[in-house]
Amino acid sequence: MTEETYDVIIVGGGFSGTYSLYKLTKCGFRCKLIEKGSGFGGTWYWNRYPGARVDTYVPLYELSIEELWKDWEWKEAYPSGEDLLTYFDHIDRKLGLRQHCLFNATVKSAHWDAHNHLWKVAAEGNTGIYKAKSRHIVLGVGSLSTPYIPKIKGLDRFAGKWAHTAQWPAEGIEFRNKRVGLIGTGASGVQVVQEVGPKAQELVVFQRTPNMAVPMRQRPLQSNDQALAKASYPETHQRRRHTFGTFDYDLNGRETNDDTDEQRELVYEELWDLGGFRPLIGGYIDVLSSKHANDLLYAFWRKKVCERISDNGKRAILAPETPPHPFGAKRVSLEQNYWEVMCQSNIDLVNVNEEPVIEVTATGVRTTRQEYEFDVIILATGFDGYTGSFLQIDIRGEGGRTIQEHWKDGVKSYLGTSIDQFPNLWYIYGPHGPAALNTAPVVAEIQTDWLAGLLEHLRNQSITKAVAKSTAADVYSRHVCDIAPPLVLQANSWYLGANVPGKMRAIRDYMGGVPAYISELAKEVEEGYPGFQTSGPETG
Ligand code: NA7
């Protein structure tokens, strides 16, 4: 069978891949999107666990293009995973993207052909091995897409059902009236508690680090209100690009100590009432840089949640007097009724720092104190973030250099979109780009629009190879580390890879805010792409 040759092969069908496919085909590039799942959705395709819901409200969490919103209605301000999958169907129907896709196929390797300036890509699918060539490759493989499953002794001998939240079986797992064990209390764990807690016979939550969750302020969206609000959607979509965290609100420009205690309390209260990430990226500018500012916010957070935790024993575990890490140094989770559900009598909370898990047995979980019997075990233990999904593909750049080798001493990237020694390889919403404090659809649009401009420039100049200069990548990668807010470095977060044992501890996210990031991209264009070395077929 002859291998087809494309201008661009896109890997992944989440927001990054879907938007890239739309944008690059619109620019006239011949594209193929390869996706492991049977449809679009990315994160939402895989994270089908009970209660899965996005932590960013609409119309911020959606694409801004082609007036897609005009005939689309959301049910709630913070949509469920299920509704997001339906939204992806809507995008596909409106934009006719499916014709360019190969679903149910996992990209296994991508090797740079230095002679022809092409990538040779191989994917394993349910119909065998698929091979194709392309001038460029765009990885939209997700920042949080490779599940992290801790090596807990005996997990494989558990006789009940167990699953990681991000590998949830499409047919679901019955948890009503069952005895359920939950390991992990990050954003996914909180949502599982809220959904499973009220329905399970018994839920035992194994917590290592208390979650400093803040109120989501979910609300149903009525058709009429939504129709009226749509007039301002284009403006709102634009505004996302001009705020630190890609929201329609921004930091207030003041330091915590600029206000008196009374003024500050009013500010905190207002942020709290409005909900979402506001305490972190909608209020004072020094929350992640000043320990004093951070401690004050933690004290406020603790006061607020303690009012809702009626169980004294659980309160000490859920909201300890001393913060386990600075507030916001891990991505803040949003909750709806987490504290109340946690206090239900059918829920047991185990602090694994005092009562470590020893092993999983055929019937449950054995800790240093006792054995718990379960029908279902849910692992909400997070992801091998940023690099996990890159490293699963056998990517070989110039001279056959592997990505594993290239990143063995840490991520090196240029502008969070390209890698030196890996020509014509681009990625969206990945390492060294803005992800941790930002919103996927917005970042996908920003990075892809920039990339489309670059690929058009290369095409116009008949340039067949572009690769980031190593010096430029060194400077940019150092810059990413330098601008990370100091308090972020104090938590064992996925931002740092510190949640995965053995992974090098280093910041992997651009945390300077989206306006600053956009300026860096714009400067590169204005100056004629100085960070890249280019060549055509005859000079290559
Ligand atoms: P997270 O936020 O990385 O949470 C993972 C949770 O799992 C967290 O509470 C971890 O505790 C816990 N964990 C991991 N390994 C263990 C072991 N071995 N024992 C006990 N507990 C463990 O992942 P999520 O899926 O919840 O959320 C990821 C992002 O998705 C989130 O930031 C939002 O952007 C949406 P730890 O805190 O490391 O002590």
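The values are calculated or read from the model by the stated rules, or taken from the named source; none is laboratory data. Since the model is a prediction, treat every value here as computed from it, not as a measurement. For neighbour counting, all protein chains shown are included, and Cβ atoms are generated from backbone atoms with ideal geometry for every residue, glycine included. To get the accessible areas, we keep the full protein, side chains included, count just its heavy atoms, and leave off ligands, DNA and RNA. Shrake-Rupley method; radii C 1.70, N 1.55, O 1.52, S 1.80 Å.
Couple of notes before you dig in:
- Qualifying residue in segment 290-302 (condition: in a loop (DSSP other than H, G, I, E, B), in contact with a strand residue (DSSP E or B) (Cβ under 8 Å, 6 or more places away or on another chain) and more than 13 Å from the ligand (Cβ to nearest atom)): no
- Flag if residue 267 is over 29 Å from residue 37 (Cβ atoms), in a helix (DSSP H, G or I) and modelled with pLDDT of 95 or more: yes
- Considering 341, 332, 350, the condition of being part of a loop (DSSP other than H, G, I, E, B), open to solvent by less than 30 Å² (accessible area, probe 1.4 Å), among the aliphatic types (A, V, I, L, M) and in contact (Cβ under 8 Å) with a residue 60 or more places away in the chain is satisfied by 332 alone.
- Failed condition for residue 122, given (1) open to solvent by less than 10 Å² (accessible area, probe 1.4 Å); (2) in a strand (DSSP E or B): (1)
- Tabulated pairs, segment 192-208, first touching a residue at least 60 places away in the same chain (Cβ under 8 Å) and under 25 Å from residue 354 (Cα atoms), second open to solvent by less than 10 Å² (accessible area, probe 1.4 Å) and polar (S, T, N, Q), C-beta under 9 angstrom, 6+ apart or interchain: 192/165; 206/367
- Residue count for segment 489-507 under the criterion of being within 13 Å of the ligand (Cβ to nearest atom) and open to solvent by less than 60 Å² (accessible area, probe 1.4 Å): the result is 10.
- Pair list, Cβ < 6 Å and 6+ apart or interchain, from segment 92-117 residues that are more than 21 Å from residue 64 (Cβ to Cβ) to residues that are at pLDDT 95 or above and part of a loop (DSSP other than H, G, I, E, B): 103/35; 103/38; 104/38; 106/36; 107/393; 112/397; 117/464
- Scope segment 149-161; condition loosely packed, with under 14 Cβ neighbours inside 10 Å and more than 15 Å from the ligand (Cβ to nearest atom); matching residues: 156, 157, 159
- Residues (surrounded by fewer than 23 Cβ atoms within 10 Å (Cβ to Cβ) and over 17 Å from the mean Cα position of the chain (by Cα)) located in segment 35-50: 36, 37, 38, 39, 50
- In segment 56-91, the qualifying residues are those that are closer than 20 Å to residue 190 by Cβ and in contact with a Ser or Thr (Cβ under 7 Å, 6 or more places away or on another chain), and the one that is nearest to the ligand (Cβ to nearest atom) is 56.
- Scanning segment 20-54 for residues that are polar (S, T, N, Q) and within 17 Å of residue 195 (Cβ to Cβ) returns a single hit, 47.
- Segment 162-186, subset farther than 17 Å from residue 373 by Cβ and either touching an Asp or Glu at 6+ places or on another chain (Cβ under 6 Å) or assigned to a helix (DSSP H, G or I) (or both), residue farthest from the ligand (Cβ to nearest atom): 167
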